[in-house]
Amino acid sequence: MNLVIQGPELQQAQADEIARLSGTTRIEPVSKRAFRLRNAVRNDSVGPYCEQRRIDYAFIPEGRRFADLKLLAMDVDSTLITIECIDELGELAGKKAEIAGVTAQAMRGEIEYRESLRRRVAALAGLAETSLNTVYEERLKLTPGADTLIAACNKHGVKLLLVSGGFTFFTERLKARLGIDHTLSNVLEVKGGKLTGALVGDIVDADAKMKRFLQIGAQLGARKEHTVAIGDGANDLKMMNQAGISVAFRAKPVVRAQATCALNWSGLDAVVNLLE
């Protein structure tokens, strides 16, 4: 196994100590703040050492190359972008605390996702359609490292899929702006220039995300080991469980517990460093 370690403050001396803990002397710099430790052995002391020092770590099978990937899928809100769009819309509607509370419960898996989304969207009834553009233009920002990850996918011909429990207003603009290949998200109903508090069509939930991921993978002829899925909430888990490598990105504990690895402190560019 390779043990990939990275973090905003990672030092060579720390890499040396983690190598000692994992029983290897083969330390390869990947970037200024990332190292690959080859022939590493799993050790119960590695996790606590890294977590105390804000170091992300991941055991990855040797020989997994980024250039061999065919599909990379990721969630949008709080993953590709730094905000939860529905929470920002909630603030403009004067209901941010109410909506954010339901969002947090849903991401922790405490509320069934479809029900949580219906409740949150209903709270937006009467909000001006122009508020969507306000959030996109003034509040939506890419997560640090997103550009690097997308550039790596483009360089190696890896298809990108955005799967979101959020809304097409945002995902379609991100698709055009970033050159994304495929998207899946929910459609807000608008009448008379205002949100009605309802959705149009089927709700994108955990099953829908997984089905689209598997569908695109099949179209590409991708084996499991040629896929990566990135998410932060409980509704990403079914999709993530189908991927060769699943990345819990600044995720809830329930997601971190089931993913191949977790990135708690690094940016999205850290996903590139996981693979050779």
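The values are calculated or read from the model by the stated rules, or taken from the named source; none is laboratory data. As the structure is a computational prediction, the values presented were derived from the model and not from experiment. Quick reminder, even Gly has a Cβ in these numbers, built from the backbone with ideal geometry, and neighbours come from all protein chains shown.
Taking the range 1-46 and the strands (runs of 3 or more DSSP E) fully enclosed by it, no element has 3 or more residues that are farther than 18 Å from Ser266 by Cβ and modelled with pLDDT of 95 or more. Filtering the range 183-204 to residues that are aliphatic (A, V, I, L, M), assigned to a strand (DSSP E or B), under 29 Å from Ser246 (Cβ atoms) and out of contact with any Phe, Trp or Tyr (no Cβ under 8 Å at 6 or more places or on another chain) leaves Leu184, Leu199.
Scanning the range 35-54 for residues being touching a strand residue (DSSP E or B) at 6+ places or on another chain (Cβ under 8 Å) and either free of Cβ contacts under 8 Å to residues at least 12 places away in the same chain or surrounded by fewer than 13 Cβ atoms within 10 Å (Cβ to Cβ) (or both) gives a total of 2. Scanning the range 205-264 for residues that are part of a loop (DSSP other than H, G, I, E, B) and among the hydrophobic types (A, V, I, L, M, F, W, C) yields Ala222, Ala243, Ala251, Ala257, Ala259.
For every residue, the table says whether it meets (1) polar (S, T, N, Q); (2) part of a helix (DSSP H, G or I); (3) modelled with pLDDT of 95 or more; (4) surrounded by 22 or more Cβ atoms within 10 Å (Cβ to Cβ).
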{"residue": "Ile83", "(1), (2), (3), (4)": "no, no, yes, no"}
{"residue": "Ala104", "(1), (2), (3), (4)": "no, yes, no, no"}
{"residue": "Val121", "(1), (2), (3), (4)": "no, yes, yes, yes"}
{"residue": "Tyr136", "(1), (2), (3), (4)": "no, yes, yes, no"}
{"residue": "Ala152", "(1), (2), (3), (4)": "no, yes, yes, no"}
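A residue that is surrounded by 21 or more Cβ atoms within 10 Å (Cβ to Cβ), under 24 Å from Gly63 (Cα atoms) and touching a residue at least 40 places away in the same chain (Cβ under 8 Å) occurs nowhere in the range 164-186.
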